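**Q** After the structure tokens below, expect a handful of questions from me.
Values in this text are rule-based calculations from the coordinates and carry no lab data. This one's a predicted model, so the numbers in the text were calculated from it and none came from an experiment. We place every Cβ from the backbone using ideal geometry, glycine too, and count neighbours over all the protein chains shown.
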Amino acid sequence: MFGLSELALILLVVAVVVGIKKLPELTRSAGKAARIFKSEAKALKEQDHP
């Protein structure tokens, strides 16, 4: 498993590769995807348990 220092290093490398200017757009997209995933999972759970 990765430790905190390894994850920080990976995030730093990703930030450099992607570019600092694109990072806010990337995090915004990830947040939007997470919200969509949560709402779909909730809808499926409600559909299974009426």
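**Q** Using alpha carbons only, how many degrees (0 to 90, rounded to 10) separate the axis of helix 4-18 from the longest principal axis of the chain?
**A** 80 degrees
**Q** Considering only lysines 8 or more places apart in sequence, or on different chains, count the pairs in the chain whose C-alpha atoms sit under 26 Å apart. Write down the numbers at each step before the final one.
**A** Numbers: K21/K32; K22/K32; K22/K38; K32/K42; K32/K45.
Close lysine pairs found across the chain: 5.
**Q** Nearest 10 degrees, 0 to 90: what angle lies between the long axis of helix 23-48 and the longest principal axis of the chain (Cα atoms)?
**A** Between the helix axis and the principal axis of the chain, the angle is about 20 degrees.
**Q** At a Förster distance of 35 Å, what's the computed FRET efficiency of L7 paired with F37, Cβ-Cβ distance as r, to 0.05?
**A** Values: r = 21 Å, r/R0 = 0.60.
The value I calculate is 0.95.
**Q** Right, next: So between A30 and V17, what do we pick up on full extension, going 0.36 nm a residue minus the alpha carbon distance?
**A** Values: separation 13, 0.36 × 13 = 4.68 nm, distance 1.70 nm.
Extra length from A30 to V17 when fully extended: 3.0 nm.
**Q** What are the GluC sites (Glu not before Pro) within the chain that DSSP puts in a loop, where the Cβ has at most 10 other Cβ atoms within 10 Å? Walk me through the intermediate numbers first.
**A** Working: sites: E6, E25, E40, E46; in loops: none.
Answer in residue order: no site qualifies.
**Q** Return the loop-located trypsin sites (Lys or Arg not before Pro) in the stretch 1-49 (DSSP other than H, G, I, E, B) with at most 15 other Cβ atoms within 10 Å of their own Cβ; answer none if there are none. The partial results should precede the final answer.
**A** Values: sites: K21, K22, R28, K32, R35, K38, K42, K45; in loops: K21, K22.
Passing sites in the stretch 1-49 are K21, K22.
**Q** Placing +1 at every Lys and Arg Cβ and -1 at every Asp and Glu Cβ, with all other atoms neutral, what dipole size does the chain have around its Cα centre, in debye to the nearest 20? Each step should come with its number before you reach the end.
**A** Values: 8 positive and 5 negative charges, 51 e Å.
That gives a dipole near 240 debye.
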